[in-house]
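Worksheet for the structure shown next.
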Amino acid sequence: MDAPSKIGDRSTSDVVVRLRTLEGRDEWIYCHSDILVEKSKYFADRLSDNWPTCQILDSRNCVEVYCQELDFDHHVNVLRLFYVVIDGSVDDLWNGVKNALGILQVGIQLGCPQIVTACVNYLEAVPWEESEEEEILRIIPGMGSEVEPILARLQPVNLSAIRGIFISTLRFAMSSPPSLMNDLKSSAQEQLEYMVTEDDDSPLLIADDDIKSEVKDCVGRLFSRFNNLLEVYLCEPAESVDEAGKMTLFQSYLADFSWACQLLSKLEIMRVFVNSWVDASDKIVAIMQSSPTVEMIGIKLKVVEVVAKVLESIGYGTVILPTTKRLRMVKIWLPFVRITKPLIDSVMTSDYDSLEFKIDGELWQSLESTFVSILLALPSVKQAEILTEWLENEYIRYPDLTEAFEVLCYRSKVANRRLALIEGGHCAL
């Protein structure tokens, strides 16, 4: 039985493949016509009797192949692979994704179906780095149906599948799993928000009434568990509230609420959250006031973050509430905020690790503006009551309601003239 042919074996070679580049690189590779013809349509055509001219080099048929310098090594690798049995039994032929991409391109150019299939199978199966994925997206599209399996992982998921994964992720993200799963839960929350966010690309999911209904149900269940916890706190001695396990659970709920506000705002269904928060506000403040410990100050900070989002929705008309509820929110949370800010400020300047209590200064400013906005939308009598209490309070510096005070004074001074003009206009009609 004849020994298998080997690339570069000059003694048995009957053809020279001359690889050349425009930069002047020129390499002779001694090959065998039977292998070239079997493995490549390009070489089969070049070595057939139908090809008009045939060059002779070193007493052998010569096929010249011109290529770019960047593709030179890939051409050499393809010629070497002609002499390898590619049957799927050996997986380490490609030396990585980048090299396999180069070989695939040459394989398609030279009409090498066996090599193309093997490259596609390899690239379809192995993991890609981000830079490799970008290279694949640059090269593969437009190369034909034979390479389409490579792009299977990059194809958009159908809407039904997206809805299914969104709902499953939503239920997990608003659940109360063991603390060991907090990282997974945070990741789920991030992805949910990403799915409905419009950035350079359209949102992955446009929430319809069914999706919004599911979100509302999840928020309702989250608040139900939170309210149960509030009842437990209110029924137990103050010292038991400071227990680490209970405080951790309380903080977990507040973190979920802070995230939920962002999701609900994007879906334009903040009302369901605001109403639930309004109903629970008295209980939350009662529990916050029951313990002055440093640990509880950390929870109070989280409460402030959620309150800021709730009040912003009310103050700027995203959620429309009746006067009684808006007044109630101001009377509950204005005293809480003005007492809490000095406590947090004092902790941040003390010997304690202030990183835990770090809060964006813009949040305090935004919260102050929101109080002014809500206050100015209340009946003038209620405004006067609140501003009178503010002017007599020792915590007058924050929130600063000077703007609301000035507007009230102006409105009150010109009220008779304004109303007289309105009444006169009605009489004229």
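The values are calculated or read from the model by the stated rules, or taken from the named source; none is laboratory data. These numbers were taken from a predicted model, which means no experiment stands behind them. For neighbour counting, all protein chains shown are included, and Cβ atoms are generated from backbone atoms with ideal geometry for every residue, glycine included. Just the protein is used for accessible areas: all its heavy atoms, side chains included, with ligands, DNA and RNA removed. Shrake-Rupley method; radii C 1.70, N 1.55, O 1.52, S 1.80 Å.
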(message) Among the numbered criteria (1) open to solvent by less than 50 Å² (accessible area, probe 1.4 Å); (2) part of a helix (DSSP H, G or I); (3) modelled with pLDDT under 95, which one does Ile314 miss?
(response) (3)
(request) Could you list all residues from the stretch 35-61 that are open to solvent by less than 50 Å² (accessible area, probe 1.4 Å) and within 28 Å of Ala118 (Cβ to Cβ)? (result) Ile35, Leu36, Lys39, Ser40, Phe43, Ala44, Arg46, Leu47, Ser48
(message) Given the criterion in contact (Cβ under 8 Å) with a residue 12 or more places away in the chain, hydroxyl-bearing (Ser, Thr, Tyr) and open to solvent by 60 Å² or more (accessible area, probe 1.4 Å), identify the matching residue among Ser160, Ser179, Ser131.
(response) Ser179
(message) Just to be sure I understand the filter: pairs with C-beta atoms under 9 Å, separated by 6 or more residues or on different chains, first member in the stretch 400-421 and modelled with pLDDT under 95, second member open to solvent by 100 Å² or more (accessible area, probe 1.4 Å). Which pairs pass?
(response) Arg411/Arg418
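So which strands (runs of 3 or more DSSP E) are wholly in the stretch 1-102 and hold at least 1 residues that are modelled with pLDDT of 90 or more?
Filter on the stretch 1-102 gives 15-20, 26-31, 60-66.
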(request) Could you please tell me which pairs satisfy a Cβ distance under 6 Å, a separation of 6+ or placement on different chains, a first residue in the stretch 139-157 that is within 16 Å of Val116 (Cβ to Cβ) and outside the structural domain of Gly107 (by the TED database), and a second residue that is exposed (fewer than 14 other Cβ atoms within 10 Å of the Cβ) and modelled with pLDDT of 90 or more? (result) none
